[in-house]
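Down below is the structure, laid out as structure tokens.
Every number here is computed from the coordinates shown, using simple stated rules; none is lab data. Not measured: the values here are computed from a predicted model. Cβ sites come from the backbone with ideal geometry, for glycine too, and all protein chains shown count toward neighbours.
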Amino acid sequence: MKQSFLDHISIVAPFLQPVLMCKESFTSLADLCSLFPVDISRDFGFETRLAGSEGNCDFFLQIRKNTEGALIMAGESAITSLSDRLLEKPFWEKIRKLFKSWNHPEDILNQVIDTFWIEFDYQQGSYNLIPNIFFGISEIEETDSGVTWKSIQKILDEIYHCLFDIPFPQVLHENLKLCLFNLPENARLYQVGIMVPRKSEAIRLVLVKIRNSELEKYLKEIGWPGEFEEISRLRDRYSLGFDYLVYNINIAENVLPFLGIELYGNILPQPLISQAWNGYMEFLHAEQLLTREKKEALNHFCSKKTVKHFYQISYISGVNHLKLVYQKNAPPEFKGYFGTRIRTAE
């Protein structure tokens, strides 16, 4: 029987409790993963709303540069390919075009982008086969912000030509430039997300190395329309014990009143459960930002399992990070990002 990525999902399936992945959701996930070859990725994961009772998650695959997965996505693998069910959709041919450019050593995409993430939204009982596309920006050593901006502008123009047959939209161009030129010293753009199936022109910027003391000034400079005092309160209340924070903002015709605060640190179980993690999850439960069922399900997911394929492979599963989501005139929300690394057993 031909192998697919479903072979990997089947290994972690016993650790996905129904509160995270109900039977209907898992059936759709299995169908989605059967469309990808077994070696498309070595890292995959899920996103869940911590206070929600629904048993479904968004699902993502990480594709690193110079891997078999990058070749498969471009249709350049000598041994396997994506399912015809994907390739019959016109947008997947555009995705192929994008990955072909990325695989070319002389292309700016290859020089600046180190990783792609393709994220599948769970919508109305099944996974959307058209993914959101995120890409990671390597640290650009150029010190002049104008030079750096030109590189990022070229990247986005090429990506938009590949995916949408248009240059990067001017309205987004101006707001992106505003957000990048006003970044504090040493802060940088780490990742860009294009929400393809969400019918939105907005893109997401993931920003790193912004110190707490710099955040309010930065948000004011870019015209962020949210409540600065509330962001400070939420950050101070919920980020204790974490080692570093990563900020998400959305831009369209304007900078939108959304802010995501990603929380990373050693308190997260990767893969073992820590006392600090349990204490923090109890705190979120008391704040009504996490159900006890989701807490127990995430703890159950954290595991390490070694199996024999052609050789010994370990599946190392844990929680990667949490995200506090602020949207103006809405209560705060927490999301959990958990997943699995597939590695050769030592």
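A few points about this structure:
- Scalar couplings 3J(HN,Hα) for segment 6-18, obtained by applying the Karplus form with A = 6.51, B = -1.76, C = 1.60 to θ = phi - 60°, are 4, 4, 6, 4, 4, 5, 8, 3, x, 9, 9, 5, x Hz; x denotes Gly and Pro.
- Amide H contacts under 5 Å for PHE258: ASN250, restricted to partners 5 or more places along the chain or on a different chain, H placed in the peptide plane at 1.01 Å from N.
- Listed by chain and number, the aspartates and glutamates whose alpha-carbon sits under 19 Å from that of LYS150, ignoring those within fewer than 8 places in the same chain, are GLU106, ASP107, ASP114, GLU139, GLU141, GLU142, GLU158, GLU174, GLU185.
- Proximal charge balance of ARG237 [Cβ under 12 Å; K/R count +1, D/E count -1]: -1
- Here each label is just a point 7 Å from Cα along the line to Cβ, and for GLU293 and GLN111 those points are 5.3 nm apart.
- Here is the list for segment 229-313: chymotrypsin sites (Phe, Trp or Tyr not before Pro) lying in DSSP coil, each with at most 16 other C-beta atoms within 10 angstrom of its C-beta, are PHE310, TYR311.
- In plain terms, the residue of ASP39, ASP165 with the fewest other Cβ atoms within 10 Å comes first and the most crowded comes last, giving ASP165, ASP39.
- Computed 3J(HN,Hα) for segment 326-336, one whole-Hz value per residue from the Karplus formula 6.51 cos²θ - 1.76 cosθ + 1.60 where θ = phi - 60°, is 10, 9, 4, 6, 9, x, x, 9, 10, 10, x, glycine and proline marked x.
- Hits among aspartates and glutamates - C-alpha to C-alpha of LYS89 under 12 Å, sequence gap 8 or more where chains match: none
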